[in-house]
Amino acid sequence: MYDKILTSLSYGMFAVGAKGITAPNACIANTVIQISSYPMTVAVSINHSNFTNECIKRSGEFTVSVLSENTSGAVIGALGFTSGRDGNKLNNVRHKILREGAPVIQEDICCWFLCKVVNTVETVTHTIFIAEPVAGSETIKGKPMTYDFYINSIKGKSPKFAPTYIPEEEEVLDKYTCTICKYEYSNSLIPFTELPDSWICPICGAPKSVFRKSD
Ligand SMILES: Cc1cc2nc3c(=O)[nH]c(=O)nc-3n(C[C@H](O)[C@H](O)[C@H](O)COP(=O)(O)O)c2cc1C
């Protein structure tokens, strides 16, 4: 299956922070990439359901803390598996808050930078924020943690809203059929029920509401 092929892609490990409503917020992301050098631009892909997505959209800014191999797994647990909607996740994570209100993690990270969003691209599940770094740390310390290190050395996992999430083998996903053209939706990464109401049949363009659960 082509979705298994994508597990061969390489990534880094980052904490993406943004000014919240009552407190700063951050989540773990493996999808920070450099787009170009001149002008210097980066991109990050953040799920629509993550509070961080809302925070970045509201403030137009985000920080990237580049995790190192020494960054504790507890930091990834705190920021990557709970939502800022449920409380201040940074309470137990050492951090500083920039003048702009966005947090920078201070748990053995390699370096950090602050970005201003210059463009966004919406996909069915994620917003890709394209941004220009405008400030950052002077030095780089330690060895950046890779996603491979997280999965194979720390034996970490990716939760549902991570782009690299793969459902457990035994998880059976229902199939849905378009009553107009008979196209069957059976994506193993996004259950049909989690698609937005604006989603349309990729074959005939019929609305999501005409789909029926397959037998
Ligand atoms: C290893 C790992 C990688 C992740 N990568 C991403 C990512 O690139 N984009 C994303 O939206 N969420 C990613 N997540 C999931 C978010 O960190 C997670 O859903 C978090 O609870 C969101 O918190 P928030 O609701 O406070 O924003 C990742 C989580 C882990 C553990």
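The values are calculated or read from the model by the stated rules, or taken from the named source; none is laboratory data. What you see is a predicted model, and the numbers here were worked out from it, not measured in a lab. Because the Cβ atoms are built from the backbone with ideal geometry, glycine has one as well, and the counts that use them run over all protein chains shown.
Table: residues versus (1) assigned by TED's automatic domain parsing to the domain that holds K96; (2) in contact (Cβ under 8 Å) with a residue 60 or more places away in the chain; (3) within 11 Å of the ligand (Cβ to nearest atom).
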site: V16; (1), (2), (3): yes, no, yes
site: Q34; (1), (2), (3): yes, no, no
site: A43; (1), (2), (3): yes, yes, yes
site: S72; (1), (2), (3): yes, no, no
query = Restricting region 104-141 to residues that are of a type in the set (S, T, N, Q) and not in a loop (DSSP other than H, G, I, E, B), which is farthest from K160 (Cα to Cα)?
reply = N119
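From the residues in region 136-152 that are free of Cβ contacts under 8 Å to residues at least 24 places away in the same chain and surrounded by fewer than 15 Cβ atoms within 10 Å (Cβ to Cβ), which one is nearest to the chain's Cα centre (by Cα)? Even if it seems obvious, please write down each step before you answer.
Looking only at region 136-152, we keep the residues that are free of Cβ contacts under 8 Å to residues at least 24 places away in the same chain, and these are 138, 151-152.
From the residues that got through so far, the ones that are surrounded by fewer than 15 Cβ atoms within 10 Å (Cβ to Cβ) too are 138, 152.
Numbers: E138: 26, N152: 20 Å.
My answer is N152.
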key: Residues of region 58-70 satisfying the condition of being within 13 Å of the ligand (Cβ to nearest atom) and either within 21 Å of K157 (Cα to Cα) or exposed (fewer than 15 other Cβ atoms within 10 Å of the Cβ) (or both)   = R58, V64, S65, L67
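Taking the criterion of being away from the ligand (no atom under 16 Å from the Cβ) and of a type outside the set (V, I, T), would at least one residue in region 151-163 satisfy it? Full working, then the answer.
Pass one, region 151-163, residues away from the ligand (no atom under 16 Å from the Cβ): none.
So far as region 151-163 goes, no, none of its residues is away from the ligand (no atom under 16 Å from the Cβ) and of a type outside the set (V, I, T).
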request  = Considering (1) part of a helix (DSSP H, G or I); (2) surrounded by fewer than 22 Cβ atoms within 10 Å (Cβ to Cβ), say which one R99 fails and leave the rest.
outcome  = (1)
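Go through region 47-62 and give me each residue that's of a type in the set (D, E) and either at positive phi or assigned to a helix (DSSP H, G or I) (or both).
Going through region 47-62, the residues of a type in the set (D, E) turn out to be 54, 61.
E54, the sole residue that qualifies.
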Residue match in region 178-196 (condition: touching a Ser or Thr at 6+ places or on another chain (Cβ under 8 Å), in a strand (DSSP E or B) and within 16 Å of the ligand (Cβ to nearest atom)) = no
ask   = Of the residues that sit in region 74-119 and are touching a strand residue (DSSP E or B) at 6+ places or on another chain (Cβ under 9 Å) and among the acidic types (D, E), which one is nearest to the ligand (Cβ to nearest atom)?
value = E107
query = Would a scan of region 24-31 turn up a residue that is closer than 15 Å to I128 by Cβ, assigned by TED's automatic domain parsing to the domain that holds Y147 and aliphatic (A, V, I, L, M)?
reply = yes
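Please specify each residue of region 81-96 satisfying the condition of being among the basic types (K, R), in a loop (DSSP other than H, G, I, E, B) and within 18 Å of the chain's Cα centre (by Cα). Explain how you work it out, then say what you get.
Taking region 81-96 and keeping what is among the basic types (K, R), we get 85, 89, 94, 96.
After this cut, where a residue has to be in a loop (DSSP other than H, G, I, E, B) as well, the list is 94.
Scanning region 81-96 gives no hits.
Quick check, is S45 closer than 19 Å to P159 by Cα and surrounded by fewer than 19 Cβ atoms within 10 Å (Cβ to Cβ)? Don't jump to the end; show me each part of the working.
On the way: closer than 19 Å to P159 by Cα: yes; surrounded by fewer than 19 Cβ atoms within 10 Å (Cβ to Cβ): no.
Against the criterion (closer than 19 Å to P159 by Cα and surrounded by fewer than 19 Cβ atoms within 10 Å (Cβ to Cβ)), S45 does not qualify.
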query = If a residue has to be polar (S, T, N, Q) and without any contact (Cβ under 8 Å) to a residue 40 or more places away in the chain to count, how many in region 1-14 make the cut?
reply = 1
